[in-house]
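These notes are about the structure you will find just below.
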Amino acid sequence: MKKHLSLIHVSRAIVPLLVILLHTSNFSSKYFDYNFLGMNSLPYSGGVDFFFVLSGFMIFYLFHKHIGNRSKLKSFLIGRFIRIYPFYWVILTLIVPVYFFVPDFGQGWETDSLVIVKSYLLIHQPHSPVLGVAWSLCHTVLFYFIFSFLFFSPRLSGVIVSIWLIVVVANALFLIPHDSIWIDYLFSYTLIKFVLGCFLAFIVLNYRIQYGKTMVIIGIIGFPLTWINHVNGFIDTHVSLGYTLFSCLVILGLSSIDMKREIKIPKLLNYLGLASYSLYLINQPAISVLSKLFHKLELHLHIGPLASSIIMMLLAIIIGCMAFSFVERPLIQFIKRLGSKRSEKSPTSDSIATTT
């Protein structure tokens with residue numbers, strides 16, 4: 001029986017909170033002329049890197065015993081579909097009409113029919129999806145598809161996945177000359193982060209890891225150090241490399257602690273972990289609307305840009321939590337009930353255990 005990883009569950013909230021910090025800084029800079037926490041010059045905050053590594057970790061942790069068992073493939077794919085698409089479709093359907101009625105909210109391509117269709121299907125495209133943060137979900141869907149090969153013959157699937165990984169590494173090292181966005185997508189270095197997550201899960205499942213607390217502390221400190229290094233250019237390295245390495249430390253440290261003893265998690269932190277997917281999808285459109293509203297009301301002039309940014313961030317979190325409580329969770333429960341009517345055991349039971 002798989003052990004419930006309480007700290008890993010809570011760590012899911014790290015993803016949207018880091019993303020919310022960056023989006024708050026971006027919109028504060030645009031509408032309040034204020035660089036919130038000095039993050040506006042960052043290309044991204046590291047939350048997505050953590051998301052990719054954590055997704056790989058949880059998928060391997062939950063499904064490693066089913067590798068080579070073709071009968072489990074259907075339930076895996078159904079579970080992954082339900083975890084990602086239904087709630088995402090609800091949010092996307094609410095957002096799409098906004099760009100038709102208020103074109104200034106977007107970049108122009110959001111009303112293109114092909115872009116909209118690809119956004120619903122989470123198909124990679126030159127432009128960002130209509131819901132900007134969904135670009136990461138396109139990579140996640142690809143990873144799930146590749147992982148699904150492991151449910152077939154372990155030897156054959158192992159060869160296929162190994163060849164794919166070799167090409168990914170070669171492409172990351174610029175050893176494959178091309179100008180195709182599809183090659184960059186199918187063999188993106190981003191997928192290495194999922195593989196790293198799988199490797200971490202393998203280690204945790206097979207070895208007793210020491211110094212978990214030390215790894216977590218170093219990993220957490222590493223994120224602001226990566227931000228500072230990128231802004232000041234002390235060490236010439238890709239910002240994603242730092243985020244990925246420190247994400248691995250946090251996840252390995254937390255999971256090693258989880259494996260040794262049961263951790264009691266405060267209800268609020270547990271709730272934020274459950275609501276992480278809603279927070280992730282909702283925060284960008286919520287902050288965008290709030291920043292425009294605050295600017296129109298000149299709130300930043302009355303209470304200051306720092307207070308306005310903090311209030312905007314807190315409101316985005318509240319909106320995301322409300323979306324989870326009143327939309328996402330009831331929707332998933334409804335789908336589970338429908339599934340239970342067709343089968344004695346819901347095929348999505350594993351998928352509800354984690355929001356990756």
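The values are calculated or read from the model by the stated rules, or taken from the named source; none is laboratory data. Everything quoted here is computed from the prediction, not taken from an experiment. Every residue, glycine as well, gets a Cβ built from its backbone with ideal geometry; the counts of neighbours run over all protein chains shown. Accessible surface areas use protein heavy atoms only, side chains included; no ligands, DNA or RNA. Shrake-Rupley method; radii C 1.70, N 1.55, O 1.52, S 1.80 Å.
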To test your reading of the geometry: what angle, between 0 and 90 degrees and rounded to tens, separates the Cα axis of helix 212-232 from the longest principal axis of the chain? 40 degrees
With +1 on the Cβ of every Lys and Arg and -1 on the Cβ of every Asp and Glu, and nothing else charged, how large is the dipole of the chain about its Cα centre, in debye rounded to the nearest 20? 1780 debye
Using 0.36 nm per residue of separation minus the Cα-Cα distance, give me the extension gain between Asn35 and Phe100 in nm, one decimal. 20.4 nm
Accessible area of the range 49-139 divided out per residue, in Å², using a probe of 1.4 angstrom: 44 Å²
Any idea how far apart Ile78 and Ile310 come out in nm if each label point goes 7 Å out from Cα toward Cβ? 4.9 nm
Positive dipole terminus of the chain, leading residue within Leu268, Tyr99, Thr190 (C-beta point charges): Leu268
For the chain, what is the calculated [θ] at 222 nm in deg cm²/dmol (nearest 500), taking -39500 (n - 2.57) for each run of four or more DSSP H residues and dividing by its residue count? -23000 deg cm²/dmol
Given axes a ≥ b ≥ c from the Cα gyration tensor, I'd like to know whether the chain is rounded (a/c under 1.5), prolate (a/b larger than b/c) or oblate. rounded
Taking 0.36 nm per residue of sequence separation and subtracting the Cα-Cα distance, how much length would be gained by fully extending the chain between Ile163 and Lys341, in nm to one decimal? 60.0 nm
So the label point goes 7 Å from the Cα of Arg208 along Cα→C-beta, right? Which residues of the range 220-258 then have their backbone N under 18 Å from it? 253-258
Go through Trp89, Tyr61, Ser29 and say which Cα lies farthest out towards the positive end of the charge dipole of the chain; charges sit on Cβ, +1 for Lys and Arg, -1 for Asp and Glu. Tyr61
Hey, got a sec? Which chymotrypsin sites (Phe, Trp or Tyr not before Pro) in the range 217-292 land in a DSSP loop and have at most 13 other Cβ atoms within 10 Å? Phe234
Taking 0.36 nm per intervening residue step and subtracting the Cα-Cα distance, what contour gain separates Trp182 from Asn229 on full extension? 13.8 nm
Separation between the Leu114 and His127 pseudo-spin-labels, each 7 Å from Cα along Cα→Cβ, expressed in nm? 1.1 nm
Kirkwood hydrodynamic radius over Cα pairs of the range 115-268, then Stokes diffusion coefficient at 25 °C and 0.890 mPa s, in µm²/s: 136 µm²/s
Exposure ranking of Leu279, Leu241, Leu205 by accessible area [1.4 Å probe, largest first]: Leu241, Leu205, Leu279
Within the chain, what's the longest stretch lacking trypsin sites (Lys or Arg not before Pro) that sit in DSSP loops with no more than 10 other Cβ atoms inside 10 Å? 1-207
